Amino acid sequence: MKLLDGKICAESLVSDISKKVVGYVGSGLRKPHMTVILIGEHAPSESYVKSKIKSCASAGFDSALLRFPENITESELLAKISSINADPATDGLIVQLPVPKHINPQNIINAIDPEKDIDGFHPTNFGRMTLGQKAFRPATAYGICKLLQFYEIPVKGKHCVVIGRSNIVGKPISIMLSNDFDIGNATVTLTHIETPRELLLDETRRADIIVVAVGIPGFVTEDMVKEGVVMIDVGINRLESGKLVGDVDFENVSKKCSWITPVPGGVGRMTVAALMINTLMAYENNFNLL
Ligand code: NAD
């Protein structure tokens, strides 16, 4: 078993980005700029936002963290998004999810200018990505593809099983792995909560690559996988003990894997790296550098 180390891969990608930024800034351009909106107090969001801001510094980007109270109204938030959309000094905008219950997250996602939508959640980017056009690709799914590419894991022609169909992970990764992309051309089965257990097991037991994003600790067990499987664990679950674990019973499943992502230090790191790639792309689009 070998580790698909998200930390090593992310550091390498961010280092490449920072070299490009040095060149752009050296030629007289401003730095790329990411704005992150954080609403209320939510411990996991605090930690995700912190790592995004930290990664911006490593990449040589400027960043701004805008905090708003839990009771901000949807229309106030939409007005703020609209002013950032119009601000030429911001290349990429993230509204950290989840938003408070009184705010409809889809309205927020739809309000972000698709050219600044570095999370890749806007329907325009999701649609373009699905059609195989140039787009900001949803960051976690894109990060997974970059990790597979970094470790030269063959994907073309492989049988992939995705467990979980969220709009932010399961759905986009199933499309990306099956599309005619550099990291793609796999045959993909997308499973979800309504997939009968026997069908799920039939699929996972013959999968070459499994991507699991369900949010249930230890969901994937040893009996569900074949020898040599490549296991991508997207889950981030905090146990009562405080320990962070994924959706895979790592100790037992890893013995059968050819490759597996650790949690933490796997896909989470890659999500942030993919955001940096998307931000650089937004910047390069702005300045016609591509
Ligand atoms: P979600 O929480 O929105 O939905 C869970 C999905 O799991 C649903 O699509 C559901 O159909 C599926 N599911 C639930 N039980 C199932 C079952 N028994 N069999 C098959 N499918 C089942 O999904 P999400 O937002 O993608 O989050 C999933 C996990 O990934 C969470 O732990 C989350 O914290 C984590 N996550 C990690 C990153 C990262 O950067 N590493 C990014 C996003 C989400």
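What the table below lists for this structure:
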read-out	value
Residues of the range 205-224 satisfying the condition of being closer than 22 Å to Leu147 by Cα, among the aliphatic types (A, V, I, L, M) and open to solvent by 10 Å² or more (accessible area, probe 1.4 Å)	Ala213, Val214
Val234 vs. criteria within 26 Å of Glu46 (Cβ to Cβ), of a type in the set (Val, Ile, Thr), touching a helix residue (DSSP H, G or I) at 6+ places or on another chain (Cβ under 6 Å) and touching a residue at least 24 places away in the same chain (Cβ under 8 Å)	yes
Failed item, numbered, when Val161 is tested on (1) under 22 Å from Leu4 (Cα atoms); (2) of a type outside the set (S, T, N, Q); (3) within 11 Å of the ligand (Cβ to nearest atom); (4) assigned to a helix (DSSP H, G or I)	(4)
Any hit, the range 21-35, residues being open to solvent by 30 Å² or more (accessible area, probe 1.4 Å), more than 19 Å from Tyr142 (Cβ to Cβ) and touching a strand residue (DSSP E or B) at 6+ places or on another chain (Cβ under 6 Å)	yes
Meets criteria (touching a strand residue (DSSP E or B) at 6+ places or on another chain (Cβ under 6 Å), assigned to a helix (DSSP H, G or I) and within 23 Å of Thr73 (Cβ to Cβ)) for Ile108	yes
Residue ID - farthest from Pro154 (Cα to Cα), chosen from residues in the range 222-235 that are within 12 Å of the ligand (Cβ to nearest atom) and part of a loop (DSSP other than H, G, I, E, B)	Gly235
Residue list for the range 137-154, filter: surrounded by 17 or more Cβ atoms within 10 Å (Cβ to Cβ) and part of a helix (DSSP H, G or I)	Ala139, Thr140, Ala141, Tyr142, Gly143, Ile144, Cys145, Lys146, Leu147, Leu148, Phe150
Pair list, Cβ < 6 Å and 6+ apart or interchain, from the range 263-280 residues that are among the polar types (S, T, N, Q) to residues that are more than 10 Å from the ligand (Cβ to nearest atom)	Asn278/Ile118; Asn278/Phe136; Thr279/Pro32; Thr279/Met34; Thr279/Asp91; Thr279/Gly92; Thr279/Ile118
Single unsatisfied condition, Lys255 versus (1) in a strand (DSSP E or B); (2) more than 12 Å from the ligand (Cβ to nearest atom)	(1)
Matching residues in the range 240-252 - criterion: being away from the ligand (no atom under 12 Å from the Cβ) and touching a residue at least 12 places away in the same chain (Cβ under 8 Å)	Asp249, Phe250, Asn252
Cross-chain or 6+ apart pairs with Cβ under 6 Å, the range 120-149 first and away from the ligand (no atom under 13 Å from the Cβ), then among the charged types (D, E, K, R) and open to solvent by less than 10 Å² (accessible area, probe 1.4 Å)	Asn125/Asp117; Phe136/Asp117
Any hit, the range 41-53, residues being surrounded by fewer than 20 Cβ atoms within 10 Å (Cβ to Cβ) and not in a helix (DSSP H, G or I)	yes
Tally of residues being within 12 Å of the ligand (Cβ to nearest atom) and closer than 23 Å to Lys156 by Cβ across the range 188-219	9
Any hit, the range 172-192, residues being open to solvent by 70 Å² or more (accessible area, probe 1.4 Å), under 17 Å from Ile277 (Cα atoms) and charged (D, E, K, R)	yes
In the range 237-290, residue nearest to Ala59 (Cα to Cα) [restricted to those that are aromatic (Phe, Trp, Tyr) and open to solvent by 40 Å² or more (accessible area, probe 1.4 Å)]	Phe287
Filter result (in a helix (DSSP H, G or I) and open to solvent by 40 Å² or more (accessible area, probe 1.4 Å)) within the range 193-204	Arg197, Glu198, Leu199, Asp202
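The values are calculated or read from the model by the stated rules, or taken from the named source; none is laboratory data. What you see is a predicted model, and the numbers here were worked out from it, not measured in a lab. Positions of Cβ are backbone-derived with ideal geometry, glycine not excepted, and every protein chain shown enters the neighbour counts. Heads up: the accessible areas ignore ligands, DNA and RNA and are worked out on the full protein's heavy atoms, side chains in. Shrake-Rupley method; radii C 1.70, N 1.55, O 1.52, S 1.80 Å.
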